[in-house]
1. What is the number of the single condition among (1) within 18 Å of the chain's Cα centre (by Cα); (2) surrounded by fewer than 20 Cβ atoms within 10 Å (Cβ to Cβ); (3) of a type in the set (D, E, K, R) that residue A:463 does not meet?
2. Identify the single condition in (1) away from chain A (no Cβ under 14 Å); (2) assigned to a helix (DSSP H, G or I); (3) more than 18 Å from residue B:137 (Cβ to Cβ); (4) in contact (Cβ under 8 Å) with a residue 12 or more places away in the chain that residue B:178 does not satisfy, given that it satisfies every other one.
3. Quick one: in segment B:191-204, of everything that is hydroxyl-bearing (Ser, Thr, Tyr) and at the interface with chain A (Cβ under 8 Å from one of its Cβ atoms), which residue is surrounded by the most Cβ atoms within 10 Å (Cβ to Cβ)?
4. Give me a count of the residues in segment A:18-34 that are modelled with pLDDT of 90 or more and at positive phi.
5. Taking the residues in segment A:83-114 that are farther than 24 Å from residue A:52 by Cα and under 26 Å from the mean Cα position of the chain (by Cα) as candidates, determine which candidate is farthest from the other protein chains (Cβ to nearest Cβ).
6. Can you name the residue in segment B:210-238 that is surrounded by fewer than 17 Cβ atoms within 10 Å (Cβ to Cβ) and either among the charged types (D, E, K, R) or at positive phi (or both) and, of all such residues, is nearest to the other protein chains (Cβ to nearest Cβ)?
7. Being among the charged types (D, E, K, R), free of Cβ contacts under 8 Å to residues at least 24 places away in the same chain and not in a loop (DSSP other than H, G, I, E, B), is that true of even one residue in segment A:440-457?
Amino acid sequence: MADHLLEVRNLSVTFHTVRGPVHAVRNVSWHLDRGEVLAILGESGSGKSVSASAIMDLIDCPPGQITSGELLFEGRDLLKMGREERRDINGKRIAMIFQDPLSHLNPVYTVGWQIEETMVIHGTPRARARAETLALLAKVGIPNPGQSAHKYPHQFSGGQRQRLMIAMALALRPDILIADEPTTALDVTVQAQILDLLEKLQAETGMGLLLITHDLGVVAEVADRVVVMNGGEIVEQGSAAQVYANPQHPYTARLIAAAPGKGEMPPDRAPAPPLLAVSGLCKRYGEFTALEGADFALAEGETLAIVGESGSGKSTLAKCLLRLDEPTGGQALYKGADLFRLSPKDLFRMRRDIQMVFQDPTQSLNPRMSVYDLISEAWVIHPEILPRAQWKARAAGLLAQVGLLPEHMHRYAHQFSGGQRQRIAIARALALEPRVIICDEAVSALDVSIQAQVIELLADLRRRFGLSYIFIAHDLPVVRDFADRVIVMQGGRIVEQGSVRQIFDAPRETYTKNLLAASLDPDPAVQAARREARHAAKVPA
Amino acid sequence: MRKFLTRRAVASAVSLLVLIVMVFFLSRLTGDPTQLYLPVDASLEARENFRNLHGLNDPLIVQFGRYVGDLLTLDFGDSIRKSRPALDVVIEAFKWTLTLALITMVLVSFAAIVFGALAAFNVGGVFDRIATFFSLIGASAPDFWIAIVAIVLFSVNLGWLPTSGTGTLWHWILPIAVLFIRPFGLILQVVRGSMITALSSPYVKTARAKGVRPRPVIFVHALRNGMLPVITVIGDQAAGMLNGAVVVESIFGFPGVGKLMIDSILQRDFAVVLAAIMVTAFAIFLMNILIDIAYAVLDPRIRY
């Protein structure tokens, strides 16, 4: 058998934790060849990043322990090499980029210095490294390389930071690039550019690219082959197209089925009197205008999605509606009163009606309060809702409604999984019997299968209680499945609004079109066709 | 930066002014200055002469104006004890204290940063145990006790070092060693904690993935990030020492500001006390600005 560029054989890694040993991966085997893109697909906790960490010698022992297996790089086992030899390979032969480029770049050194360092520690003279850094910056599309090299990471945008990481990783033309969720923290249009860049650089250097991701769309866009992981084991591997079209393992089939954006879009709703009518909403922070002249209405029982990229003003809008942040101008009529001019007493009453569910339940739920405390606090603050004697029963009822076991109400948030925590946050919001729930990226941090369940729960609550949602999201497929109407925002302004069908089937604005075009379809065949079309469009130009 | 420094200077000038007002009125609240400045058996005539001479019969506001005017010309009056301008006496003592504080703080900072960083790199290892040991001693043993034990052991019993006073380099060793222990334990713990955070940060992972060796990972990548909370504590400790290491200076007969202040208070040399307060206040104000500058130098995200 011919040697692969990189081959992982029967790798098992165990982490020793206070709660006992955790088998992060068990008997994992896969291989990567030159010029190939291999994706490792899995949800959180599937162990998809562990083999990459093992290859880069990033597993700390203790608590980690590689209990069995071989990591063959050009036929030699990395695990049998000394520390020194492995450091020579890291960065030079095998390089890695990570999910969140801001925290993975050292904040106190210039980006030029950090890119140079990769070369200098592997023996390139400082002066040559400096010259090559400028060439690299130009290659990954950083404007003004000369000046940019002297800037610090925080002075770049998210997409540029990932470009900087790529420049740093590719400085020594490694044989293998490992990319761990390289586009997860980025906006869709930026994601498309980064994937494009990686593809271009790979074609140029012929390196092997190992892509770790949870996103079927990313797999469809770039991967040749895919390894699907679940619970520390490989459940399936094969070509990306084959795995998508004909999944062999029930887990893969479930994962593909859970991918949003394929269902029937809801029919357009008949015009209804607005429950909430916002006009001319503005928010300025000093000189900076975060939100300008926002006009929209929300009807009873309607789901209004607000989509846009980071910095478009979607979260500012939500915070202004709840008066968590004071708007600079405009009005918001709710039940005949202007939310922005309520007296403190009326504002207190209004807060019962409009509730919020945040993106990260780990941070939005107080870790020192039990689930019962979190839910019943609503009734402590608004005692008119429920007499004390009924609190226990109602809390149990709410937990059952969101699909949790009522007997778990004395547990704390950290004892639940991410999806369960978001259910707790929803139960907490429901305790106040609100009319409107604002979900600020409420399902963005969840795995697709969990995401689908939470969306199902929200839809069910909408049917049962006639709730209205303002659903803030950057993920278009989820919006397509769940919303009735969509607002598209860019740079603090609403650029387009309409029904889901109108926005997704017949977008009017260029920005909306670009946003939709950049969104990745989980089907490799669809993505291949789109790429074909893109390349065809580029050639005449 | 210049704007920030100006703003800082103005703010500090206001605090200094408040301090001046407080010192003036508090010293007047302690009673008739002639009771303080003149011997108990001084005659009424002598007291009246003293009042006229120092303008103590003028309205309080006039006295205050004169007092501030003198301050602006850096005239604190003469030391009664030494019959020399109080400021000269204080500055002479301050030089000693400054030297002592500077040497001690440089040694403490260097040692604490190196030991703390190494302790953080290998939690539970040798350096970590040294760190825990010194922090415990620093936190639990009072410095006057350590000072006395050190004199008994090294000066009296072993006869290696002088018991007190100044003159040779040997005289510096015990005061520095005793002053060293408490801040060393404290700063060590802060360095250790902040380095544990820095070493587990994503950018350190990036450095390791680049193939950076352990020593530069600790001392280049993590240390500069881990230094910010440390700077604050170092500044706080240094301020304490500038204020006069009263106990240590007194025990070792070290002619610094701390000892000078105690002696002057005991001997009612108020001109010297005032001058000493103003000089140390000014020094601490300068040091705070240095700390702010150090912050901005270490962390490019901080800009004033």
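1. With (1) within 18 Å of the chain's Cα centre (by Cα); (2) surrounded by fewer than 20 Cβ atoms within 10 Å (Cβ to Cβ); (3) of a type in the set (D, E, K, R) applied to residue A:463, the lone miss is (1).
2. Status for residue B:178: all satisfied but (3).
3. Applying the first criterion (hydroxyl-bearing (Ser, Thr, Tyr)) to segment B:191-204 yields B:194, B:197, B:200-201, B:203.
Still in the list and also at the interface with chain A (Cβ under 8 Å from one of its Cβ atoms): B:201, B:203.
Working: B:201: 18, B:203: 22.
That would be B:203.
4. Qualifying residue count for the region: 1.
5. Kept after step one, since they are farther than 24 Å from residue A:52 by Cα, are these residues of segment A:83-114: A:107-113.
This time we only want the ones that are under 26 Å from the mean Cα position of the chain (by Cα), so: A:107, A:111.
Values: A:107: 6, A:111: 11 Å.
Selected residue: A:111.
6. Taking the candidates together, the pick is B:213.
7. Checked against the condition, which is being among the charged types (D, E, K, R), free of Cβ contacts under 8 Å to residues at least 24 places away in the same chain and not in a loop (DSSP other than H, G, I, E, B), segment A:440-457 yields at least one hit.
For every residue, the table says whether it meets (1) of a type outside the set (A, V, I, L, M, F, W, C); (2) closer than 30 Å to residue A:39 by Cβ; (3) part of a strand (DSSP E or B); (4) within 29 Å of the chain's Cα centre (by Cα).
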{"residue": "A:247", "(1), (2), (3), (4)": "yes, yes, no, yes"}
{"residue": "A:252", "(1), (2), (3), (4)": "yes, yes, no, yes"}
{"residue": "A:275", "(1), (2), (3), (4)": "no, no, yes, no"}
{"residue": "A:289", "(1), (2), (3), (4)": "yes, no, yes, yes"}
{"residue": "A:306", "(1), (2), (3), (4)": "no, no, yes, yes"}
{"residue": "A:311", "(1), (2), (3), (4)": "yes, yes, no, yes"}
{"residue": "A:331", "(1), (2), (3), (4)": "yes, no, yes, no"}
{"residue": "A:348", "(1), (2), (3), (4)": "no, no, no, no"}
{"residue": "A:352", "(1), (2), (3), (4)": "yes, no, no, no"}
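The values are calculated or read from the model by the stated rules, or taken from the named source; none is laboratory data. This one's a predicted model, so the numbers in the text were calculated from it and none came from an experiment. Note: ideal-geometry Cβ built from the backbone for every residue, glycine included; neighbour counts use all protein chains shown.
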